[in-house]
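See below for the structure under consideration.
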Amino acid sequence: MNKQISSIQVLGSGCPTCKKLFELTKQAVTELGLKIEVEYITDIQKIIELGVMSSPVLTINGKVALVGQLPSSEKIKELLITNNGKPEIKETGSCCSCGGKC
């Protein structure tokens with residue numbers, strides 16, 4: 001890994017897609033053997049403070065790594081391993097990636 005991971009957060013509205021990203025992220029952390037807790041935040045104000053308009057959001061070390069997507073566990077592991085790349089953003093036109101179905 002390029003640098004030490006000090007924090008991992010999943011931010012979302014509490015919809016099934018956001019919860020699934022949280023579960024997949026915890027799985028990826030376990031599979032990589034990282035000794036860090038994944039935090040799940042449902043405070044919409046915190047999402048707004050990050051400057052993003054859709055969810056779910058994955059942050060690594062306080063930086064946005066993923067927005068509006070539900071990637072595979074393998075993709076999440078890739079993001080955790082590189083953890084300093086540009087964020088992946090997918091605008092969905094709704095508050096979360098469910099397309100307004102939650």
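A short reminder: the numbers here are calculations on the coordinates, not readings from a lab. Just so it is clear, the structure is predicted and the values come from calculations on it, not from any experiment. Every residue, glycine among them, receives a Cβ derived from its backbone with ideal geometry; neighbour counts consider all protein chains shown.
Here are a few things to note about the model shown:
- For the condition of a type in the set (Val, Ile, Thr), touching a Ser or Thr at 6+ places or on another chain (Cβ under 6 Å), over 19 Å from ASN83 (Cβ atoms) and touching a residue at least 24 places away in the same chain (Cβ under 8 Å), THR17 qualifies.
- In segment 46-55, the qualifying residues are those that are closer than 14 Å to GLN9 by Cβ and not charged (D, E, K, R), and the one that is surrounded by the fewest Cβ atoms within 10 Å (Cβ to Cβ) is LEU50.
- The set of residues in segment 31-46 being within 20 Å of ILE81 (Cβ to Cβ) and in a helix (DSSP H, G or I) consists of GLU31, LEU32.
- Within segment 14-32, the set of residues being surrounded by fewer than 18 Cβ atoms within 10 Å (Cβ to Cβ) and either over 16 Å from LYS75 (Cα atoms) or of a type in the set (Asp, Glu) (or both) comprises GLY14, PRO16, LYS19, GLU23, GLU31.
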